[in-house]
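Since the structure comes first, as structure tokens, the remarks are kept for the end.
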Amino acid sequence: MAKLRVGIIGLGFIGTQKHLVGLAQHQDKAEVVAFCDYEIDRAEKALAAHGAEGAYATTDYKELLADPSIDVVHVCTWNVSHKEITIAALEAGKHVLVEKPMAVTGADAHEMAETAKRVGKKLSVGFQYRFRNEAQFLRKAIDEGRLGEIYAAKAHAVRRRGVPIWGVFTDETKQGGGPLIDLGGHAIDQALWFMNNYEIESVTGVVNYKLGDKPEGNMAGPWDPETYTVEDSAFGFVKFTNGASLFVEAAWALNVQDSREGCVTLMGTDGGADTDMLPGKNDLKVTLNNVQGGELVKTSPEPGAAYFGAPGGAPDGFTYMGGLEAEAWLNCIINDTDPYVTADQAAVVTDILDAIYTSARTGQPVVFNQLAGIDSTEPATV
Ligand SMILES: NC(=O)c1ccc[n+]([C@@H]2O[C@H](COP(=O)([O-])OP(=O)(O)OC[C@H]3O[C@@H](n4cnc5c(N)ncnc54)[C@H](O)[C@@H]3O)[C@@H](O)[C@H]2O)c1
């Protein structure tokens with residue numbers, strides 16, 4: 001079978017550090033033939049490092065989409081452009097892997113998912129944390145029934161002082177928000193995926209602008225308060241139609257004891273689970289909380305001990321997860337199956353992000369329409 005021909009749009013951090021290194025691990029399945037970035041030197045540098053024979057660089061994504069030889073497009077640009085570029089790529093007949101967050105609003109995300117269905121192309125979103133060792137272990141434990149019915153969860157996306165000072169992260173106009181839309185999506189995606197619950201009844205949110213002018217002590221050095229235009233923390237409470245609940249916490253700066261990012265707490269009828277960051281490692285620790293023989297028992301598989309075939313030692317995050325993400329993505333196109341991260345699932349993650357911001361702005365909960373039996377995912381504010 002001919003290799004899939006990939007075009008990549010956006011060659012900043014994630015385009016180069018996850019997508020290109022991930023695709024490079026599957027050169028038997030795909031080759032990268034077009035590189036697009038507003039900054040031509042970024043596109044040319046990536047082309048030199050990863051380009052297939054005859055590959056080219058451009059600053060115009062429309063030129064890339066007009067190339068009929070391209071089968072697959074990876075969208076790795078700033079958040080506010082995800083919808084426009086993804087829909088244009090789908091309409092041009094390409095399969096699309098778009099970075100998270102899928103879009104800035106839930107309505108846009110659902111429009112992207114519907115477009116993919118209408119044109120019959122695959123659409124997936126870059127929630128690579130699902131491929132982490134502990135996430136795969138936990139997914140298997142849940143599928144084996146070790147937690148029972150998961151009726152409550154927490155999505156943790158908290159850094160004590162971890163404001164990214166590179167790129168455009170702190171620019172509301174390019175990202176559509178701060179730590180909630182940046183980090184929050186990963187943790188929410190994990191929680192929904194583990195709960196296997198995408199039926200939201202309502203969302204209540206609070207967003208804080210308290211520490212933007214206090215840049216001391218930041219992991220990556222002080223940020224510029226003048227250009228810091230996003231929230232520093234956000235909290236949300238999600239109620240599902242079956243009565244289950246999810247608490248969301250997201251922060252780049254918060255006066256807490258520890259950072260806990262991309263982690264979840266799950267509470268089920270037969271057991272619970274926590275994922276926690278291991279200091280200094282890319283791997284996380286997963287703990288199952290059960291009752292056995294009348295005793296309260298905690299079990300944790302040993303990280304790096306190949307408990308489901310992963311290589312020993314802490315794998316390098318983006319290289320390792322990017323390789324697995326690229327493999328699952330390319331396979332779903334080759335085998336014509338659903339993506340591992342479906343567009344419908346990712347759109348619900350964006351519904352929640354959007355609803356937390358909306359609820360914080362209006363001071364009211366956002367109530368979703370499924371309750372009224374209306375087949376619509378548009379959040380309505382009461
Ligand atoms: N999956 C993850 O864990 C993860 C991690 C970091 C970033 N991201 C996501 O990846 C996306 C990009 O983030 P980043 O950190 O790589 O940003 P970045 O600023 O480092 O890179 C983005 C690049 O896209 C280019 N660009 C933007 N709009 C363009 C357009 N319309 N046409 C051509 N080029 C365009 C910019 O010039 C820049 O080089 C964001 O949506 C972010 O949320 C995901």
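The values are calculated or read from the model by the stated rules, or taken from the named source; none is laboratory data. Quick caveat: nothing in here was measured; it's all calculated off a predicted structure. Here the Cβ positions follow ideal geometry from the backbone for every residue, glycine too, while neighbour counts run over all protein chains shown. In case anyone asks, the SASA skips ligands and DNA or RNA and just uses the protein heavy atoms, side chains included. Shrake-Rupley method; radii C 1.70, N 1.55, O 1.52, S 1.80 Å.
The table for this structure:
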quantity: Hits in the range 1-13 - residues which are closer than 12 Å to residue 77 by Cα and either open to solvent by 10 Å² or more (accessible area, probe 1.4 Å) or more than 13 Å from the ligand (Cβ to nearest atom) (or both); calculated: 12, 13
quantity: Test set (1) open to solvent by 20 Å² or more (accessible area, probe 1.4 Å); (2) within 13 Å of the ligand (Cβ to nearest atom); (3) under 16 Å from residue 234 (Cα atoms) - residue 171 fails condition number; calculated: (3)
quantity: Subset of the range 104-135 [in the same structural domain as residue 85 (by TED's automatic domain parsing) and of a type in the set (A, V, I, L, M)]; calculated: 104, 107, 109, 112, 113, 116, 119, 123, 125
quantity: Complete set of residues in the range 104-133 that are within 30 Å of residue 286 (Cα to Cα) and within 15 Å of the chain's Cα centre (by Cα); calculated: 123, 124, 125, 126, 127, 128, 129, 130, 131, 132
quantity: Residues that are aliphatic (A, V, I, L, M) and either under 15 Å from residue 329 (Cα atoms) or open to solvent by less than 20 Å² (accessible area, probe 1.4 Å) (or both), drawn from the range 14-23; calculated: 20, 21, 23
quantity: Cβ pairs under 7 Å, 6+ apart, first in the range 142-162 and within 24 Å of residue 235 (Cβ to Cβ), second of a type in the set (Lys, Arg) and modelled with pLDDT under 95; calculated: 156/260; 158/260
quantity: Cβ-Cβ under 8 Å pairs, at least 6 apart or on other chains, the range 277-288 side of a type in the set (Ser, Thr, Tyr), far side at pLDDT below 70; calculated: none
quantity: Meets criteria (under 22 Å from residue 342 (Cβ atoms), more than 16 Å from the ligand (Cβ to nearest atom) and part of a helix (DSSP H, G or I)) for residue 183; calculated: no
quantity: Hits in the range 217-240 - residues which are among the hydroxyl-bearing types (Ser, Thr, Tyr), surrounded by 14 or more Cβ atoms within 10 Å (Cβ to Cβ), assigned to a loop (DSSP other than H, G, I, E, B) and out of contact with any helix residue (DSSP H, G or I) (no Cβ under 6 Å at 6 or more places or on another chain); calculated: 228
quantity: Scan of the range 24-45 for residues that are in contact with a Gly (Cβ under 8 Å, 6 or more places away or on another chain) and crowded, with 22+ Cβ neighbours inside 10 Å, ordered by number; calculated: 32, 33, 34, 35, 36, 37
quantity: Residue match in the range 155-163 (condition: in a strand (DSSP E or B), away from the ligand (no atom under 16 Å from the Cβ) and open to solvent by 20 Å² or more (accessible area, probe 1.4 Å)); calculated: yes
quantity: Answer residue from the range 241-261, given it is surrounded by 16 or more Cβ atoms within 10 Å (Cβ to Cβ) and at pLDDT below 95 and is farthest from residue 348 (Cα to Cα) among those; calculated: 259
